[in-house]
Amino acid sequence: MAKNKLARFAEMEQLPNVFQPAHQEVFRTDYFLKGRWHSEVFHNDRPIVLEIGCGKGEYAVALGNLYPEKNFIGLDIKGARMWKGATAAAEAGMTNVVFLRMYAEMLESVFAPGEIAEIWITFPDPQMAKARKRLTGTRFLNLYRKILATDAVIHLKTDSPFLYTYTSALIETNHLPVPVATEDLYGCGLNDRVLGIKTFYEKQWLLRGKKIKYICFSPGKDSPLIEPDVEIEKDDYHSETHFMHDAAVHGENG
Ligand SMILES: C[S@@+](CC[C@H](N)C(=O)[O-])C[C@H]1O[C@@H](n2cnc3c(N)ncnc32)[C@H](O)[C@@H]1O
């Protein structure tokens, strides 16, 4: 039977690959590891890839296995979900994958300029009502710019036509470089082992017949970012409630 949330939270405290900064350690102050992830955590100078909103950490762990020559950090605010990836990585003895439990809003307190080489965002809530909360909106892109290395890219995988259209419009409005974009990842002929990694949410959306979309883009560096001025049709169905209920019943939510 799945462990309950309290048991997971207790285990998270003991896991050597989990960092859970307290509010006062990141709010308007620098976390002690800012600028020190290479030296103090990974003990090498290899690129650090950040997954934002990692959920159960499937991408971070799978990427860590595929690329032992890179370091990976899975970030999410939900500890009971993250427990799964963190436990799997610890049990497998992975030294290149760690987890960070915090709000992405505080990224600048935790990472130094240029400390992150690449960002993955997999199946974020499209936040159709609140552009400020969208993980690909200008507010977050401005934060990413502060921690990303020059020429870094952001990968977005989503089931949401709304978020795909919004992100594409933002990219176009701001003339951001886009190496790859597809509205139908598994139907477009791209057969890529990295893009084929499937998260918990992705599996749920595939079961419901959703097409998976993917964009790889650069957030740029210098010119001020502006929100796109477009009306976007809302997704007809984007309720997480159905499968999150199932997950809660099986103790997998949190
Ligand atoms: C829809 S889930 C997707 C989880 C996982 N990427 C997957 O595909 O299964 C979105 C995740 O993003 C996290 N999240 C959303 N906004 C966040 C923020 N501002 N800071 C940290 N985590 C956030 C949520 O806690 C949630 O676990």
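The values are calculated or read from the model by the stated rules, or taken from the named source; none is laboratory data. Just so you know, these numbers come straight off a predicted model, no measurement behind them. As a convention, Cβ positions derive from the backbone with ideal geometry for all residues, glycine included, and neighbour counts pool all protein chains shown. The protein model used for the area step is the full one, side chains on, heavy atoms only, and it has no ligands, DNA or RNA in it. Shrake-Rupley method; radii C 1.70, N 1.55, O 1.52, S 1.80 Å.
General remarks:
- Candidates in the stretch 153-167 are the residues that are open to solvent by 10 Å² or more (accessible area, probe 1.4 Å) and closer than 28 Å to ALA112 by Cα; of these, the one that is nearest to the ligand (Cβ to nearest atom) is HIS155.
- Taking the stretch 1-69 as the region of interest, the helices (runs of 4 or more DSSP H) fully inside it that hold 1 or more residues being farther than 23 Å from PHE123 by Cα, away from the ligand (no atom under 16 Å from the Cβ) and open to solvent by 50 Å² or more (accessible area, probe 1.4 Å) are 5-14, 23-26.
- One residue stands out in the stretch 208-232 among those that are open to solvent by 90 Å² or more (accessible area, probe 1.4 Å) and at pLDDT 95 or above: the one that is nearest to GLY189 (Cα to Cα), namely LYS211.
- Condition check for LEU135: out of contact with any Lys or Arg (no Cβ under 7 Å at 6 or more places or on another chain) and buried (at least 16 other Cβ atoms within 10 Å of the Cβ): yes
- Out of LEU100, LEU143, sole residue that is crowded, with 22+ Cβ neighbours inside 10 Å and of a type in the set (A, V, I, L, M, F, W, C): LEU100
- Answer residue from the stretch 70-93, given it is basic (Lys, Arg) and either within 8 Å of the ligand (Cβ to nearest atom) or modelled with pLDDT under 95 (or both) and is surrounded by the fewest Cβ atoms within 10 Å (Cβ to Cβ) among those: LYS78
- Residue that is nearest to the ligand (Cβ to nearest atom) [pool: residues in the stretch 94-139 that are in a helix (DSSP H, G or I) and in contact (Cβ under 8 Å) with a residue 60 or more places away in the chain]: MET106
- Yes/no for GLY53 being small (Gly, Ala, Ser) and in contact with a Ser or Thr (Cβ under 9 Å, 6 or more places away or on another chain): yes
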